[in-house]
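One structure is given here, and the rest of the page talks about it.
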Amino acid sequence: MIGKGLGYGLAAALVVALAAPACIFGSSPAPNDQNFVDVGLVVSLTGANSATAGLAVQGATVALARANADHLAGSRQLRFVRVDDGSSPEIAAKACSDLVLKNHVAAIVGFEPAATLDACNRAAAPANVPYFAAVPSGTVVCYPTVFVFGFTPNQQVVPLVDYLAHKQSAKTFYIVATDDPMARSSAAQAATSIRDDGGLLLGSVYRPAQTADFGPDIAKIATARPDVVLDGLIGADQVAYHRQFGANPRVAGTKQASLWLDTAAARSIGPTAVGVVVSQDFNSADPSPTTKAWLEALVGKFGDGAVPSSIGAELYDATLFMASAIDRAQSTSGVAITSAVGGVSIDGPRGRIQIAQDAHGYATVSAHIGRVNAALAIDVVDVTGALQPMACG
């Protein structure tokens, strides 16, 4: 899985490789063309979050092609009007206002963090235009017309702790995490899950982003001697921590698990990442027919530039789900599309996707438990069934 947390290990070379696919659309024709139903595609083409745009566009593009092949908009074709949120709430608000007032889109799909998503939704909600969104892992947004296809903390953390406790016989745990609201939220969920599974949390430590020296923390872990150390570290901190952990003989043989370590991060870390257990909402090594079909479609469209990723898988699910809701509604009215959501179910690269009436707009997602192998890829070791979200109180 390519890191989806806005720079969580995404290599600069990947951004270059995706630049061309991300720009293939150009400007859409006039929206009053009666042969098309226009939908907005909101991504961060510029600004701090721009590394995610190419991945998002790839997933959405493949989904739109499938939706049109299946005639989910009836006799008309679905068409993207793509806009750049500039990684800024102000730019996002203007872009989404234009989608609603000038382009008259039936719905919006996109990948944005909470602040820009909120700004976009403020522009779309008064017109009842629904937003089908992927969001970074751990982000919680709850709006009546926003439907979320990202990983919620419980969907990610609970199955990881369950796997460690029940299939790896772990009884004692230690948590090392970035001092960040998202990381703290996920670590708190982990602490609850550890207690629920009968385990014991021996200690927790939170470090500021860009911490370079984890030596004192590793010394505490060596003294505590937990069965598993679970890290909720973000970005470059993962690399520093895992390299130092792997080089310290006092913790040799201690099992490790990580919330956000991905293939890109594993390759940056090197051999000391081997054996780390992770929980993802998508893994390209999943042998399921729906995952294989998506990978074939992705390569068929983008060739050597295809990059399987969780962001792409989430945007695929969001786009296909949106199209299926239009099909079920038999209407391009935002109100009708929103009302149809509860009756939609799709099978995508992440498993069965549904949104229950009481789920606050969040989708079911399967967790893919993986382990970093000697080639620094992530093998699938377990896949759960569809997990219900627990995003809003």
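The values are calculated or read from the model by the stated rules, or taken from the named source; none is laboratory data. Values in this document were obtained by computation on a predicted structure and should not be read as measured data. As a convention, Cβ positions derive from the backbone with ideal geometry for all residues, glycine included, and neighbour counts pool all protein chains shown.
Observations on the structure shown:
- If you go through region 269-288 and keep only what is surrounded by fewer than 24 Cβ atoms within 10 Å (Cβ to Cβ) and of a type in the set (D, E, K, R), you end up with just Asp286.
- Pro308 falls short on exactly one of the conditions (1) outside any loop (DSSP other than H, G, I, E, B); (2) in contact (Cβ under 8 Å) with a residue 24 or more places away in the chain; (3) not aliphatic (A, V, I, L, M), and that condition is (1).
- Matching entry among Ala191, Ala125, Ala187 (being out of contact with any Lys or Arg (no Cβ under 6 Å at 6 or more places or on another chain) and at pLDDT below 95): Ala187
- Residue in region 325-351 that is nearest to the chain's Cα centre (by Cα), counting only those that are part of a helix (DSSP H, G or I), among the small types (Gly, Ala, Ser) and farther than 15 Å from Ile108 by Cβ: Gly342
- Of residues in region 61-79 being surrounded by fewer than 19 Cβ atoms within 10 Å (Cβ to Cβ) and among the hydrophobic types (A, V, I, L, M, F, W, C), the one farthest from Asp38 (Cα to Cα): Ala69
- Residue check: Thr291 meets all listed conditions (1) touching a residue at least 60 places away in the same chain (Cβ under 8 Å); (2) within 17 Å of the chain's Cα centre (by Cα); (3) surrounded by 23 or more Cβ atoms within 10 Å (Cβ to Cβ) but one, namely (1).
- Selection within region 67-84 - under 21 Å from the mean Cα position of the chain (by Cα) and among the charged types (D, E, K, R): Arg82, Asp84
- Selection status of Gln256, in a helix (DSSP H, G or I), in the same structural domain as Met182 (by TED's automatic domain parsing), over 30 Å from Gln357 (Cα atoms) and in contact with a helix residue (DSSP H, G or I) (Cβ under 8 Å, 6 or more places away or on another chain): no
- Checking each residue in region 137-161 for being crowded, with 23+ Cβ neighbours inside 10 Å and either touching a Lys or Arg at 6+ places or on another chain (Cβ under 7 Å) or part of a loop (DSSP other than H, G, I, E, B) (or both) picks out Ser137, Gly138, Thr139, Phe149, Gly150, Phe151, Thr152.
- Qualifying positions in region 94-116 - within 14 Å of Ile311 (Cβ to Cβ) and not in a strand (DSSP E or B): Glu112, Pro113
- Every pair of residues 6+ apart whose Cβ atoms lie under 6 Å, when the first sits in region 326-340 and is in the same structural domain as Ala107 (by TED's automatic domain parsing) while the second is polar (S, T, N, Q) and surrounded by fewer than 18 Cβ atoms within 10 Å (Cβ to Cβ): Gly334/Asn128; Val335/Asn128
- For region 260-279, taking the residues that are modelled with pLDDT under 95 and outside any helix (DSSP H, G or I), the one that is nearest to Val380 (Cα to Cα) is identified as Asp262.
- Screening Tyr316 against (1) under 16 Å from the mean Cα position of the chain (by Cα); (2) aromatic (Phe, Trp, Tyr); (3) more than 30 Å from Pro126 (Cα to Cα) leaves a single unmet condition, (3).
- Restricting region 162-196 to residues that are among the β-branched types (Val, Ile, Thr) and outside any helix (DSSP H, G or I), the residue that is farthest from Val135 (Cα to Cα): Thr172
- Filter result for Ser310 (in the same structural domain as Ala73 (by TED's automatic domain parsing), buried (at least 16 other Cβ atoms within 10 Å of the Cβ), touching a Ser or Thr at 6+ places or on another chain (Cβ under 9 Å) and closer than 16 Å to Val39 by Cβ): no
- The residues of region 347-359 that are surrounded by fewer than 22 Cβ atoms within 10 Å (Cβ to Cβ) and touching a Ser or Thr at 6+ places or on another chain (Cβ under 8 Å), listed by number, are Asp347, Arg352, Gln354, Ala356.
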